[in-house]
Amino acid sequence: MTFVEDRAVVTGVGQSQIGRRIGRTGVDLALEAAERAVAHAGLTFDDIDGIASYPGPVAAEGGFVGATTHDIRDAFGLRTRWHVSGVETSGQIGTMLDAAAAVASGRATHVLCFRSVWEATAQASGRAAALTTKSARAGGHSEFRVPFGAASPANWIGMYAQRYMHEFGLTREQIGKLVINTRKNAALNPNAIYRDPMTMDDYLNARMVSWPFGLYDCDIPADGATAVIVSRREAADGLANPAISIEAAGAALYERHSWDQRADLTTMASHDATASMWETTKFTAGDVDFATLYDGFSYLCIQWIESFGFAEHGKVGPFLDDEDNYRLEGRLPINPHGGQLSAGRLHGYGFVHEACVQLWRQAGDRQIAKDVELAAVGVGGGPEAGCMLLHLA
Amino acid sequence: MAQPEGRMLPEVTPDSREFWTGGFENELRIYRCQACRQWIHPPVGACWKCRSRDVAPEVASGRATVAAYSINHHPWFPAFPPPYAVAAVELDEAPGVRLTTCLVDVDIAAVEVGMPVEVVFDEQDDVALPLFRPVTA
């Protein structure tokens, strides 16, 4: 059994210029990423008949919505048979999974999926200002947290991390080893934002944001866009890259969409998404060659590690003690590009991009040396989670 | 409605009005299913557990325990000078039903999971925010 009857594949990926306060708009960046992805697949824009994005035109702080599907359709004059965006979906890749279903069911042939952010430029006056000045009153999902000073996901996710540390003895030093390894990988990625080596002292002594999270546990607002071409398998023959199969995908959320009511505070929606994914594939966690795991906060990567089953529930601390488990030359390299923590907050799509370029062996200096066929991609945090197994035999 | 300096007050909705205003009468009002007696938060017009539409605010004791916390060090709002403790507290009546809140009158170095706390209301404009402080014997 495979996802959407094995009819959807990835044929190309592309990224725009990535950086801090580079002064370009989110639309400009999305157009550049789209051009590169379409060319990378060996297609032209005349071949693109579907488009999907996250999150769509939602009210959000500065630069969070870099470009909508309408923006990109209009700019390039695309003639699409299918288009969608949405934020009420399974993590930032939710609509990419919908694109796979769309090509599998014949509603489109080649779908341009993208995510664009220009938060670094748009929030030049400060993230606190961006988070707290968008409206006079805290409504919607903010109503029951922001009035108490819990303005940031650092506060909400910090509470989850604290409870996990309390229950299982995870330490800041163990989290730090993951963060430092991520930075070490970023040094090999010319597009990563932070590439200087980080020591444990650097990590532990960094300014505290919301305990247990210090500065280096939090990703950094970035400017950049990522595009991924999802194609119907029959239409992928003869294109520029061998087709990458979406072997399995998980989108489940079995509890309320909430940041504080989940029954077990030491798990997240990632546990639901991965559980639903593993039910649909012959592969197991032991078959995975490497993983790209959402690390908008360091702890979210820890949740994905145990959600996929790379470590037992509660045992991620000991897993992190042994770098051979996750370093670039190790058993299961994690985030070879530097994750969002060091490569920039491209908001989910960066993990899909990295999984694909590694499978295609196009990752340059950071290419994983061993043969890689099966990648685990986990995207999202808290009540948001979507995951995939990408396979290139 | 005037916005007090340096903070964001909640946008009060028909579902949340009792929660945000009960404190003016020193009551912590939490929705409760009248069919299966499940406590529900945030307030909404149905019980997620049994799907009854017969839900209504009831007065909770205001006693709770800290389920998780994060010590915030970033100055998000002038009205919340860091450091301060953001916490998810579980109602004594309903373990698992949590309020995200801010702990007050507390030594932040002493905050721990399982710490007993009680509600104290912070009246701001048209709302009374349920904050929590340690229970002193």
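The numbers here are math on the coordinates, done by the rules we state, and not lab data. Remember, predicted model here, so these are calculated numbers, not experimental data. Backbone-built Cβ (ideal geometry, glycine too); neighbour counts: all protein chains shown.
Brief remarks follow.
- Most to least packed among A:358-368, A:74-84 [average Cβ atoms within 10 Å]: A:358-368, A:74-84
- Cα convex hull volume per residue for the protein assembly as shown (Å³): 145 Å³
- Principal axes of the range B:17-134: Cα extent on each, largest first, Å: 42, 32, 22
- Each other residue within a Cβ distance under 10 Å of A:GLN340 adds +1 if Lys or Arg and -1 if Asp or Glu, for a net charge of -1.
- For a label point 7 Å along the Cα-to-beta-carbon line of B:SER61, residues of the range B:84-116 with backbone N under 14 Å: B:90-96, B:116
- Among A:GLN362, A:PHE3, A:TYR216 the positive-end extreme of the charge dipole of the protein assembly as shown (Cβ point charges): A:GLN362
- Neighbourhood charge, 14 Å Cβ-Cβ cut-off, centred on A:THR44 and excluding it, Lys, Arg +1 and Asp, Glu -1: -2
- Each residue in A:TRP278, B:TRP76 was given a count of other beta-carbon atoms within 10 angstrom of its own, and listing them fewest first yields A:TRP278, B:TRP76.
- Peptide A:162-170 shows a mean partner chain C-beta count of 3 within 10 Å per residue C-beta.
- If you run the Gaussian network model on chain A, springs between alpha carbon atoms under 10 Å, then out of A:ALA273, A:ALA136, A:ALA150 the most flexible one is A:ALA136.
- The residue among B:PRO81, B:VAL120, B:SER16 whose Cα reaches farthest toward the positive pole of the charge dipole of chain B, with charges on the beta-carbon of Lys, Arg, Asp and Glu, is B:SER16.
- Averaged over peptide B:97-109, the number of partner chain Cβ atoms lying within 10 Å of each residue's Cβ comes to 3.
- Whole-number percent relative contact order across the range A:239-393, with pairs defined as alpha carbons under 8 Å at least 6 apart: 36 percent
- Chain A, helix-only ellipticity at 222 nm - DSSP H runs n ≥ 4, -39,500 (n - 2.57), divided by all residues, nearest 500: -9000 deg cm²/dmol
- Inter-chain Cβ neighbour count for B:40-49, averaged per residue, equals 2 (cutoff 10 Å, partner chain atoms only).
- In order through the range A:336-345: 3J(HN,Hα) via Karplus (6.51 cos²θ - 1.76 cosθ + 1.60), integer Hz, x for Gly, Pro: x, 7, x, x, 6, 5, 10, 8, x, 7
- Whole-Hz ³J(HN,Hα) from phi, Karplus 6.51 cos²θ - 1.76 cosθ + 1.60, for the range B:29-40, glycine and proline x: 9, 10, 5, 9, 6, 7, 8, 9, 6, 5, 7, 9
- Per-selection metrics, the range A:140-215 (Cα): Rg and Dmax in Å: 14.9, 42
- Karplus 3J(HN,Hα) series, Hz, for the range A:42-58 with 6.51 cos²θ - 1.76 cosθ + 1.60 (x for Gly, Pro): x, 10, 10, 5, 5, 7, 7, 10, x, 8, 9, 8, 10, x, x, x, 9
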